[in-house]
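The values are calculated or read from the model by the stated rules, or taken from the named source; none is laboratory data. Note that this is a predicted model, so its numbers are computed, not measured. So basically every Cβ, Gly included, is an ideal-geometry build from the backbone, and we count neighbours across all protein chains shown. We work out accessible area using only protein heavy atoms, side chains counted, and drop any ligands, DNA or RNA first. Shrake-Rupley method; radii C 1.70, N 1.55, O 1.52, S 1.80 Å.
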Amino acid sequence: MPLTRRWNPQAYDAWYESPLGKLSDRLEKDLIFSIAGVKGGEKALDEGCGTGIYTIELARRGAVSTGVDSSKEMLDLAGAKARKEGLTVEFVSADALMLPFPDGCFDMVLSAGMLCFIREREKALQEMRRVLKPGGKLIVGVLNKWSPWAAFRRIKGLFKNTIYNRVDFISPPELELSLVRAGFHVKELKTCLFFFPINCRMYLEFAMPFERLGTIATPRLGAFLAASAVKP
Ligand SMILES: C[S@@+](CC[C@H](N)C(=O)[O-])C[C@H]1O[C@@H](n2cnc3c(N)ncnc32)[C@H](O)[C@@H]1O
């Protein structure tokens with residue numbers, strides 16, 4: 001069953017305009033696209049596309065991009081942003097557990113952030129597998145259970161009603177196991193966001209050395225966990 005909630009698309013995108021949001025967005029996108037290897041003309045599905053952050057980036061990189069999400073509010077803003085850029089992107093309202101697409105029709109499925117909101121994680125992954133072509137790529141990004149950010153957000157959740165009280169943080173072995181159980185060949189798992197989440201521009205100017213150190217010293221502890229896998 002999906003962890004249903006109402007989304008506020010304006011507030012969601014506003015966070016990405018904050019110092020912490022901008023830096024996180026850049027580092028997460030660098031990680032996702034370094035393992036995605038998008039080729040022009042590829043048919044890509046962005047599942048749980050939200051306000052279209054990745055759907056639009058896929059289109060900018062030459063993919064034939066479709067976004068799917070269960071929140072009409074998020075899709076409306078995603079569509080408006082794509083139109084403003086003059087990009088051709090299709091946005092579809094649907095549940096990730098029942099995608100309205102035929103078997104084997106996408107070269108790539110990308111999903112950033114959505115799996116943490118779905119209790120039936122493996123069922124969602126099986127549905128991603130169904131719509132991928134054989135040999136097709138899956139790229140998923142989730143909130144890493146092993147990260148200090150997850151601990152901090154859980155503690156904050158004890159005192160405040162935040163979105164993080166309702167998400168499933170996922171560890172690298174849990175993600176790998178879910179992917180294997182859903183029938184994927186896992187290629188790689190990587191993380192990013194090793195500095196502490198303080199939304200202050202001056203502090204974040206010194207974040208990159210921590211980022212480089214974390215990649216080397218604690219490569220599985222970054223707050224954003226991304227995996228690439230292939231449908232056999
Ligand atoms: C954290 S947001 C991520 C949005 C976007 N991928 C990004 O990285 O900015 C999670 C999104 O997943 C969507 N979502 C959650 N459960 C879903 C489901 N069962 N089917 C489709 N979308 C779902 C939500 O509506 C929300 O837009």
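If you average the C-alpha positions of region 1-62 and of region 138-197 separately, how far apart do those two centres end up, in angstrom?
So the two Cα centres are separated by 16 Å.
Suppose we flag trypsin sites (Lys or Arg not before Pro) only when DSSP calls them loop and at most 15 other Cβ atoms lie within 10 Å. Which is the longest uninterrupted stretch of the chain? Walk me through the intermediate numbers first.
Values: sites that count: 5, 6, 39, 61, 119, 160, 166, 220.
Segment 62-118 is the longest.
Out of the GluC sites (Glu not before Pro) in region 8-71, which ones are loop residues according to DSSP with at most 12 other C-beta atoms within 10 Å?
Counting only loop positions with at most 12 other Cβ atoms within 10 Å, the GluC sites (Glu not before Pro) in region 8-71 are 17.
Would you calculate, for the chain, the mean residue ellipticity at 222 nm contributed by helices, counting each DSSP H stretch of 4 or more residues as -39,500 (n - 2.57) and dividing by all residues, to the nearest 500?
Value at 222 nm, helices only, nearest 500: -12000 deg cm²/dmol.
Can you tally the net charge around residue 228? Count Lys and Arg as +1, Asp and Glu as -1, for every other residue whose Cβ sits under 10 Å from the Cβ of residue 228.
Cβ neighbours under 10 Å give a net charge of +2.
Calculate, for the chain, the solvent-accessible area per residue in square angstrom, rolling a 1.4 angstrom probe over the heavy atoms of the protein chains.
Per-residue value: 49 Å².
Mean separation of Cα pairs under 8 Å and 6+ residues apart, divided by the residue count of the chain: what relative contact order is that in percent?
Over the chain, the number comes to 21 percent.
Tally the DSSP beta bridges in the chain and give the antiparallel ones as a percent, rounded to 5.
So the antiparallel bridges in the chain amount to around 45 percent.
How compact is region 9-230 by the rule of thumb for globular proteins, expressed as Cα Rg over 2.2 N^0.38 Å? Could the numbers behind the result be given before it?
Working: Rg = 16.7 Å, N = 222, 2.2 N^0.38 = 17.1 Å.
Taking the Cα Rg and dividing by 2.2 N^0.38 Å, one obtains 0.98.
Roughly to the nearest percent, how much of the accessible area of the chain is carbon and sulfur, given a 1.4 Å probe?
About 58 percent, which is the carbon plus sulfur part of the accessible surface.
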